[in-house]
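*Asks:* Next up is a structure, given as structure tokens.
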Amino acid sequence: MPDKLSEQLERILNNRRERHTLRKLKINNLVDFSSNDYLGLAHSKELNQTIQSHSLNGLGSTGSRLLSGHSQESVELEQFLAKFHKAPDALLFNSGFDANYGVFSCLPQPGDAIFYDELIHASVHAGMRASQSKIIKPFIHNNIDSLLVLINNYKNIHSGNIFIAVESLYSMDGCWSNLKEIVELVEKFENAFLIIDEVIPNSY
Ligand SMILES: Cc1ncc(COP(=O)(O)O)c(C=O)c1O
């Protein structure tokens, strides 16, 4: 006799089946037009050999960096990345999803606002849902006027920080952001911060 939870889950799965939205994992060897391995490094023999020729500090982190997983290699990689991107500092995450979840769930404080482009990636939505900010609103894709209305409405009532979430290249739709206009707008406001989910290094 299936328990209540199993029945509920089966109903949800059936619903997905009917809507053709049930996903399945599959292994394929097709030409790659969709992965994140833009530079083909995942299968680079040269990179693989280089990694193997270095004596690594173990085969896993052994735990979170706060406990046992911190290492000199991580520090050096972060320093390299910061220098490469001419940034004051860098922080490594396990994946893009983790980075967006970490940033959006931690940075905005109660009373702050998050305004996001309506095409923003699902991982940003996950981070925003976990955020302490309760003022979370979309603006029309790439539409400066739509963003400006949100900023002005917020500023009329509140004085907190405003975080604006965009992608450089919207990965699910394949369209570019009008980043220059957005930067020019955001720079006009105090306490407004632009967070760019950049999937391809130096692509803009
Ligand atoms: C724009 C964007 N942000 C975040 C992610 C999540 O990155 P990851 O697959 O490394 O978790 C993706 C994944 O494709 C993405 O396209």
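*Asks:* In nanometres, what is the gap between the two model label sites at F93 and C175, each 7 Å from Cα along Cα-to-Cβ?
*Replies:* 2.4 nm
*Asks:* Would you please state which residues of the range 113-127 a label at H141 would reach in this model, taking the label point 7 Å out along Cα→Cβ and a backbone N cut-off of under 17 Å?
*Replies:* Those under the cut-off are 116-125.
*Asks:* If you project the alpha carbons of the chain onto their three principal axes, what span does each projection cover, largest first, in Å?
*Replies:* 58, 58, 39
*Asks:* Next up: If we count other beta carbons within 10 Å of each Cβ, what is the order of V103, V149, V124, fewest first?
*Replies:* Exposure proxy ranking, most exposed first: V149, V103, V124.
*Asks:* Now for a separate question. Just order 71-82, 152-163 by mean Cβ neighbour count inside 10 Å, highest at the front, would you?
*Replies:* 152-163, 71-82
*Asks:* Which one of S131, V186, A90 has its Cα pushed farthest toward the positive end of the charge dipole of the chain, where Lys and Arg give +1 and Asp and Glu give -1 at the Cβ?
*Replies:* Checking the options against the dipole of the chain, the answer is S131.
*Asks:* Determine which residues of the range 86-128 fall in the zone a paramagnetic label at R16 would reach in this model, i.e. backbone nitrogen under 18 Å from the point 7 Å along Cα→Cβ.
*Replies:* 122-123, 126
*Asks:* Still on this model: Debye calculation, C-alpha points only, no solvent: report log10 I(q)/I(0) for the range 86-177 at q = 0.16, 0.18 Å⁻¹, in the same order as the q values.
*Replies:* Here log10 of I(q) over I(0) equals -0.68, -0.85.
*Asks:* Oh, and also: In whole percent, what relative contact order does the range 106-204 give with Cα contacts below 8 Å and a gap of six or more residues?
*Replies:* 30 percent
*Asks:* Evaluate the relative contact order of the chain (contact order divided by residue number), counting alpha-carbon pairs under 8 angstrom at least 6 apart; express in whole percent.
*Replies:* Relative CO of the chain lands at 13 percent.
*Asks:* Where in the range 71-107 does the amide nitrogen come within less than 20 Å of the point 7 Å from the Cα of S35, taken along Cα to Cβ?
*Replies:* Flagged as within label range: 94-98.
*Asks:* With springs connecting C-alpha atoms under 10 Å apart, model the chain as a Gaussian network and identify which of G174, G60, G96 has the largest mean-square fluctuation.
*Replies:* Comparing G174, G60, G96 in the GNM, the peak value goes to G60.
*Asks:* With a 10 Å Cβ neighbour count serving as the proxy for reagent exposure, in which order, fewest first, do T62, T21 appear?
*Replies:* So the residues, fewest neighbours to most, are T21, T62.
*Asks:* Take I196, I120, I51 and order them by how many other Cβ atoms sit within 10 Å, fewest up front.
*Replies:* Fewest-to-most ranking of I196, I120, I51: I51, I196, I120.
Laboratory data are not the source of any read-out in this text; all were calculated from the coordinates shown. As the structure is a computational prediction, the values presented were derived from the model and not from experiment. A quick note on method: Cβ atoms are made from the backbone with ideal geometry, for glycine too, and the neighbour counts reach across all protein chains shown.
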